[in-house]
1. Can you compute log10 of I(q)/I(0) for the range 75-176 with the Debye formula, treating each Cα as one identical point scatterer, at q = 0.19, 0.22 Å⁻¹?
2. What is the magnitude of the charge dipole of the chain about its Cα centre, with +1 placed on the Cβ of each Lys and Arg, -1 on the Cβ of each Asp and Glu, and no other charges, expressed in debye to the nearest 20?
3. Cα centroid distance between the range 306-354 and the range 270-302, in Å?
4. Out of 66, 100, 203, whose Cα points farthest toward the positive end of the dipole of the chain (charges: +1 Lys, Arg; -1 Asp, Glu; placed on Cβ)?
5. Find how much the distance from residue 149 to residue 252 grows on full extension, using 0.36 nm per residue of separation minus their present alpha carbon separation; answer in nm with one decimal.
6. Give me the 1.4 Å probe accessible area per residue for the chain, excluding ligands and nucleic acids, in Å².
7. Of the accessible area of the chain, with the probe set at 1.4 angstrom, what percent is carbon plus sulfur?
8. Need the full-extension length gain, residue 277 to residue 212, defined as separation in residues times 0.36 nm minus the C-alpha distance. One decimal, nm.
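The values are calculated or read from the model by the stated rules, or taken from the named source; none is laboratory data. Since the structure is predicted, the reported quantities are computational estimates derived from the model, not experimental observations. Cβ sites come from the backbone with ideal geometry, for glycine too, and all protein chains shown count toward neighbours. Areas reflect the complete protein model, heavy atoms only, side chains present, ligands, DNA and RNA absent. Shrake-Rupley method; radii C 1.70, N 1.55, O 1.52, S 1.80 Å.
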Amino acid sequence: MINRRTFTQVVGLGTGAAAVSLTGLQGVSAAASAASTGRAGTPTVPALTPGTHTSFSGLKQVRAGVLDVGYAEVGPAHGPVVICLHGWPYDIHSFVDVAPLLADQGYRVIVPYLRGHGSTRFLSSRTFRNAQQSAIALDIIALMDALKIEKALLAGFDWGSRTADIVAALWPERVKALVSVSGYLITNVEAQKMPLPPKAEHAWWYQYYFATERGRLAMEDKAGRHDMGRLVWDTVSPTWGFDDATFERTAAAFENPDYAAIVIHNYRWRLGLADGEPRFDRYERRLATRPLIGVPTITLDAELDPFTAPGDGASYRDRFTGKYAHRTLTGIGHNLPQEAPTAFAQAVVDVDHL
């Protein structure tokens, strides 16, 4: 989720930022889309009611790096590639409506389960269950290599935004464009050690719970991780009227045998309470400098997400140096692509035309 530093930064909005307010569950009008991209004639994604689709057909597996990655694929095999990246406690179903919308626009959409989720498995039982940010980013590079994808448009939220941001910052030659919910989420572990205002700390309650043995045991318990995920959904998406079946489809991904280990390590590593692996040190040193992102980017903020930083994107605007637009979606919570699939898909189409 959002980098803790953005709650306390006060940075002026950079030249060229476009703030576009989108309403409710549907995306932008054709006029607003053209205005935000600066190019007339950008295709308009047809409005879709969230929850129209409930599943992906024919999930695939591919060996990539240290993983056997499970993923959904939708759209023409030779279309421009979009890789959609989920967060926690979510899975590929966050994009179950977004993917067909993009496929209808001619995109080849790849939606992988991140390590520790769904059908993605480690190839070796001896591999350290590492969830530091650069390891997850390198999973996506390995996936692209395995699928022979030279360059893709990356779009994500939560862990997925962080991962996409890192790939765009460290390997920009592999990224055509970027859609990043909550903006710039690359973690600086040293900066994470500084306290936040109490209200912000309160929103992160589960992060501190995971730092305890009690939290680890809860994540290893099937009922515990299920109910915790449901509580997070209810809390961070306060107006999303999802039903039990919608949550249960995602909760099935929590049954991965490495799920608890990956989630616990991710949050402990971010707080400096768990070590990563030395082989990733060179990447983490670069990421600690908060590297700039120069690929075309649209950042999205969800108005009702408790992790959305104040300032309508101002706190991270200076990290994006290429063509850029920013949008805030009113009435939307943390799981932005599933709550507002039309707006998310439109952002993908628009950034491809920046």
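1. -0.95, -1.25
2. Using only the charged Cβ atoms, the result is roughly 980 debye.
3. Cα centroid of the range 306-354 versus Cα centroid of the range 270-302: 19 Å apart.
4. Result: 66.
5. Length difference between fully extended and current span is 34.2 nm.
6. 37
7. C and S atoms contribute 55 percent here.
8. Stretched out fully, the residue 277 to residue 212 stretch lengthens by 21.3 nm.
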